[in-house]
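Asks: Sending over a structure as structure tokens; questions will come in a sec.
Each value in this text was obtained by applying a stated rule to the coordinates, not by laboratory testing. Small disclaimer: the values here were computed from a predicted structure and weren't measured. Positions of Cβ are backbone-derived with ideal geometry, glycine not excepted, and every protein chain shown enters the neighbour counts.
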Amino acid sequence: MNVVYSSSDSYSPIAGVSICSLLYNNKDADEINIYMIDNNITDENKKRFSDMVEQYGRKIIFIPRPDLNKQAGVEIEVGRWNISTFFRLFLCTILPDTIDRCIYLDCDTVIRHSLSELWNMDLGKAVVGAVDDCRSDRYKTELGLTTDSTYTNNGVLLIDLKSWREMNVEKDFLEFIIAHNGDITYVDQGVLNGVLSKRGLVKVIHTKYDAMTIFFDFNFKDLMKVRKPEHHLSEQEYNEAVNDPYIIHYTSCFMSGTRPWNEKNNHPFVGDYLKYKEMSPWKDFPQYPDDRKKSKKLMTTVCNIMPKGLMIAVISLVHSKLYPMVRSLKGKR
């Protein structure tokens with residue numbers, strides 16, 4: 001099993017927790033090779049990663065970060081994200097040519113079960129497997145997609161690298177980035193969907209492999225009202241994902257505000273994060289304070305004290321209509 005992460009030094013403790021959970025819950029795998037795209041990780045943290053991985057008899061390989069702005073020829077707009085989020089689009093160049101398949105995992109994940117089923121999944125004619133992001137169709141049309149196209153989250157990806165090389169998808173990704181002047185909604189996620197979903201090359205996999213925070217902050221009916229996805233997961237799949245997720249993706253969400261590495265976080269599965277943190281070389285690192293901007297904190301407070309129906313109506317209007325509309329108008333300038 002080939003697993004790829006991309007981390008900066010400041011995110012190393014969080015990535016370390018994810019890797020610890022991966023190693024602990026995948027002892028059944030014959031082989032696990034972890035490829036860490038190194039965005040200026042210190043030697044001290046590299047040693048922590050290496051020592052932890054070696055304890056499980058596995059391998060970790062650090063790979064220097066590429067210069068994507070130079071490759072693209074434009075300044076890539078990353079907003080509140082890090083440029084490292086784009087690295088997953090260029091794994092054909094970054095990883096050795098001998099690797100034909102990999103699982104890409106965001107650092108803010110915890111793996112709770114064996115990934116053997118995911119690793120061995122048949123992608124059919126698709127070249128990547130990912131979980132539906134549960135968004136309104138406006139996010140698709142902004143990318144030039146039809147409303148019946150898939151729109152998936154990039155936090156967990158099963159990638160057929162052999163097909164990516166044969167199709168030269170990196171060239172298509174670069175052309176898409178350049179055509180949008182490096183400014184794409186949800187950065188690399190928009191690129192992958194804009195290029196591969198348009199060609200029907202993305203397989204939607206079970207939500208349990210990428211259970212995002214918003215799935216825990218809202219019940220199924222309210223989630224549908226907030227996001228207004230025209231094509232979405234079933235209530236049964238939702239229940240399976242939130243009751244027993246295989247991979248928890250601790251994404252940020254306006255309702256809960258903080259994440260498990262912050263003090264006083266209340267995610268239903270915060271215990272899983274803390275469990276693997278305690279097992280990791282970063283166990284003595286203190287929890288981060290809630291350093292969100294005042295406006296973000298205020299939004300969380302207001303959303304939690306507003307009448308539920310009103311809050312859902314307002315957030316739905318912003319996320320399913322206003323934000324994608326503003327992004328679309330910006331792209332037409």
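Asks: Which three semi-axes in whole Å describe the equivalent ellipsoid of the stretch 2-331, each the square root of 5 times a Cα gyration tensor eigenvalue, listed largest first?
Replies: Working from the Cα gyration tensor, I get semi-axes of 28, 25, 20 Å.
Asks: Which of Asp106, Asp28, Asp137 moves the most in a Gaussian network model of the chain with Cα springs under 10 Å?
Replies: Asp28
Asks: Nearest 5 percent is fine: what portion of the DSSP beta bridges confined to the stretch 2-331 is antiparallel?
Replies: 35 percent
Asks: Using every alpha carbon pair in the stretch 1-71, what percent of pairs falls into each 5 Å bin from 0 up to the bin containing the largest distance?
Replies: Reading the bins upward from 0: 4, 16, 31, 24, 14, 8, 3, 1, 0.
Asks: Using a 10 Å cut-off on Cβ atoms, rank the peptides 291-302, 306-317 from the highest mean neighbour count down.
Replies: Result, highest mean Cβ count within 10 Å first: 306-317, 291-302.
Asks: Just round it to a whole percent: the fraction of Cα-Cα distances in the stretch 107-244 exceeding 28 Å.
Replies: Summing the P(r) of the stretch 107-244 above 28 Å gives 17 percent of all pairs.
Asks: Name the most mobile residue of Ile19, Ile99, Ile159, meaning the one with the largest mean-square fluctuation, in a Gaussian network model of the chain with Cα contacts below 10 Å.
Replies: Ile99
Asks: Show which lysines lie in cross-link reach of Lys294 when reach means a straight Cα distance below 18 angstrom and same-chain residues fewer than eight apart are skipped.
Replies: Answer for Lys294, where 18 Å is the Cα cut-off: Lys264, listed by chain and number.
Asks: Longer than 30 Å from Cα to Cα, which of Lys27/Lys297; Lys293/Lys321; Lys140/Lys225 are they? Say none if no pair is.
Replies: From the list (Lys27/Lys297; Lys293/Lys321; Lys140/Lys225), the Cα-Cα distance tops 30 Å for Lys27/Lys297.
Asks: If you don't mind, another one. Once you keep just the Cα pairs under 8 angstrom separated by 6 or more residues, what percentage relative contact order results for the chain?
Replies: Contact order relative to length: 20 percent.
Asks: Sticking with this structure for a sec: How are the Cα pair distances of the stretch 191-254 distributed, in percent, across 5 Å bins from 0?
Replies: 4, 16, 23, 24, 19, 12, 2
Asks: Quick one: net charge around Ile99, please, counting Lys, Arg +1 and Asp, Glu -1 for every other residue with C-beta under 15 Å from its C-beta.
Replies: -1
Asks: Could you give the longest part of the chain that holds none of the GluC sites (Glu not before Pro) found in DSSP loops with at most 15 neighbouring Cβ atoms within 10 Å?
Replies: Answer from the scan: 78-229.
Asks: Could you calculate the contour length gain from Asp284 to Glu263, that is, 0.36 nm times the residue separation minus the distance between their Cα atoms, to one decimal place in nm?
Replies: Going from the current span to full extension adds 6.1 nm.
Asks: Put +1 on the Cβ of every Lys and Arg and -1 on every Asp and Glu Cβ in the chain; which of Met299, Pro64, Ile111 then has its Cα farthest towards the positive end of the dipole?
Replies: It is Met299, whose Cα lies furthest towards the positive end.
Asks: What dipole magnitude, in Debye to the nearest 20, does the chain give about its Cα centre under +1 on Lys/Arg Cβ and -1 on Asp/Glu Cβ?
Replies: 1180 debye
Asks: Compute the relative contact order of the stretch 169-283 as a whole-number percentage, counting only Cα pairs closer than 8 Å that sit 6 or more residues apart in sequence.
Replies: 23 percent
Asks: Along the charge dipole of the chain, pointing to its positive end and built from +1/-1 on Cβ of Lys, Arg, Asp and Glu, which listed residue (Tyr5, Phe269, Gln55) has its Cα farthest out?
Replies: Of the listed residues, the answer is Phe269.
Asks: Going Cα to Cα from Lys125, which aspartates and glutamates come in below 17 Å? Please leave out same-chain ones fewer than 8 positions away.
Replies: Cross-link targets: Asp100, Asp160, Glu166.
Asks: Please compute the modelled spin-label separation between Asp222 and Asn40, points set 7 Å along Cα→Cβ, answer in nm with one decimal.
Replies: My value for the distance between the label points is 4.0 nm.
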